[in-house]
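J.: One structure is given below, represented as structure tokens, and several questions about it will come after.
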Amino acid sequence: MENLSTYLLLLMLYSFFGWICEVIYCSIPAGKFINRGFLIGPYCPIYGFGAIFVLLLLGQYKDNVFVLFGMSMIIAGIIEYITSYVLEKIFNLSLWDYSKRTFNINVRVCLENLLMFGVMALAVVYVINPFMMGIVLSLSDFARKLIFTFFGVTVLIDLSLTVKVLRQIKDMASEHMFDLEQIGEVREEVLGELNAEREKKVAEYNMEKAKRKADFINKFNLKYPHRRMLEAFPKMKTRENPELIKRFREDIKKYRRSSKKGN
């Protein structure tokens, strides 16, 4: 590989290739298209960095497929573990959870995925990279830098939007939980009233519940970035309240179904 611009363009190409793999892996079992990437655009930089590290660090093991496979698994595991840890520390969110997978490490990485990444690394080294290099080296150094600059700016803008979306999801889920607690307080108040006032209080409670439901549908009429993130990471949760986002997601689905029936 010639210079920095070559590495950078390969990073972009493998990020796109990784996104395609993630979409196929998640969409086929679901029976529908799922944009699985952490970012909004069609790229998964974690795959791009993984491919570059494998090509840079393991090129000397190209003649030993078993060593290459094992070392690729280790590199992939380190990258995935660090990514999970950093996301959790920065956003206080866990986007994936391998607790139900055998041979997992702190639910951040699991053997099943590492084996898959090892196979992908072999495909990159022996099959895909020669083709990718043909594309990259057919471009001038200026063209490579120009393309990657555009890609880099796009990813930075995308990242800022994604951070905003994650924070909004957390805020909306917390606000929804607060609303549920208020409804619960009204319900407890109703149950504590004397029988003479009970019917009146029950009617007030039902009206309040209906109002909250309508407010919920209007307030949390999620835009595409929010819906995409919740769909792409069904196991997303916060550290302090693992059920917070799960309950929010379930209630959105429930209220949408009831809203459609009402129409």
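The values are calculated or read from the model by the stated rules, or taken from the named source; none is laboratory data. All values reported here derive from a predicted model rather than from experimental measurement. Cβ coordinates were reconstructed from backbone atoms using ideal geometry, including for glycine residues, and neighbour counts include every protein chain displayed.
J.: Look through region 103-113, keep the residues that are surrounded by fewer than 21 Cβ atoms within 10 Å (Cβ to Cβ) and among the aliphatic types (A, V, I, L, M), and return whichever of them is modelled with the lowest pLDDT.
T.: Per the criteria, the residue is VAL107.
J.: Quick one: which of VAL125, VAL153, VAL136 is surrounded by 14 or more Cβ atoms within 10 Å (Cβ to Cβ) and either outside the structural domain of GLU80 (by TED's automatic domain parsing) or farther than 25 Å from ILE78 by Cβ (or both)?
T.: Working: VAL125 fails: either outside the structural domain of GLU80 (by TED's automatic domain parsing) or farther than 25 Å from ILE78 by Cβ (or both); VAL153 fails: surrounded by 14 or more Cβ atoms within 10 Å (Cβ to Cβ).
Among VAL125, VAL153, VAL136, only VAL136 is surrounded by 14 or more Cβ atoms within 10 Å (Cβ to Cβ) and either outside the structural domain of GLU80 (by TED's automatic domain parsing) or farther than 25 Å from ILE78 by Cβ (or both).
J.: Looking at ALA51, ALA76, ALA123, ALA143 in this structure, which one is of a type in the set (Gly, Ala, Ser) and touching a residue at least 60 places away in the same chain (Cβ under 8 Å)?
T.: ALA51
For every residue, the table says whether it meets (1) modelled with pLDDT under 95; (2) touching a helix residue (DSSP H, G or I) at 6+ places or on another chain (Cβ under 9 Å); (3) closer than 23 Å to ILE74 by Cα.
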| residue | (1), (2), (3) |
| --- | --- |
| GLU2 | yes, yes, no |
| THR6 | yes, yes, no |
| LEU10 | yes, yes, yes |
| PRO29 | yes, no, no |
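For every residue, the table says whether it meets (1) modelled with pLDDT of 90 or more; (2) not hydrophobic (A, V, I, L, M, F, W, C).
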{"site": "ALA121", "(1), (2)": "yes, no"}
{"site": "VAL125", "(1), (2)": "yes, no"}
{"site": "MET133", "(1), (2)": "yes, no"}
{"site": "ASP141", "(1), (2)": "no, yes"}
{"site": "ILE147", "(1), (2)": "yes, no"}
{"site": "GLY152", "(1), (2)": "yes, yes"}
{"site": "VAL155", "(1), (2)": "yes, no"}
{"site": "LEU159", "(1), (2)": "yes, no"}
{"site": "THR162", "(1), (2)": "no, yes"}
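J.: Taking the condition of being surrounded by 15 or more Cβ atoms within 10 Å (Cβ to Cβ) and at pLDDT 75 or above, how many residues in region 248-263 meet it?
T.: 2
J.: Residue by residue through region 59-88, note down the ones that are among the small types (Gly, Ala, Ser) and under 28 Å from the mean Cα position of the chain (by Cα).
T.: GLY70, SER72, ALA76, GLY77, SER84 - these are the residues of region 59-88 that are among the small types (Gly, Ala, Ser) and under 28 Å from the mean Cα position of the chain (by Cα).
J.: Further question: Is it fair to say ILE79 is assigned by TED's automatic domain parsing to the domain that holds VAL127, under 30 Å from GLU240 (Cα atoms) and touching a helix residue (DSSP H, G or I) at 6+ places or on another chain (Cβ under 7 Å)?
T.: Taking the combined requirement at face value, the residue satisfies it.
J.: Here's another thing I want to ask about it. Identify all residues within region 126-180 that are part of a helix (DSSP H, G or I) and among the small types (Gly, Ala, Ser); write none if there are none.
T.: Across region 126-180, the qualifying residues are GLY134, ALA143, GLY152, SER160, ALA173, SER174.
J.: Check region 63-73 and report whether any residue there is closer than 30 Å to LEU244 by Cβ and either modelled with pLDDT of 90 or more or out of contact with any strand residue (DSSP E or B) (no Cβ under 9 Å at 6 or more places or on another chain) (or both).
T.: Checked against the condition, which is being closer than 30 Å to LEU244 by Cβ and either modelled with pLDDT of 90 or more or out of contact with any strand residue (DSSP E or B) (no Cβ under 9 Å at 6 or more places or on another chain) (or both), region 63-73 yields no hits at all.
J.: Might you let me know whether region 39-56 holds any residue that is more than 20 Å from VAL86 (Cα to Cα), small (Gly, Ala, Ser) and surrounded by fewer than 13 Cβ atoms within 10 Å (Cβ to Cβ)?
T.: There is no residue in region 39-56 that is more than 20 Å from VAL86 (Cα to Cα), small (Gly, Ala, Ser) and surrounded by fewer than 13 Cβ atoms within 10 Å (Cβ to Cβ).
J.: List the number of the failed condition for GLU112; all other conditions in (1) part of a helix (DSSP H, G or I); (2) under 23 Å from GLU243 (Cα atoms); (3) out of contact with any strand residue (DSSP E or B) (no Cβ under 6 Å at 6 or more places or on another chain); (4) among the acidic types (Asp, Glu) hold.
T.: (2)
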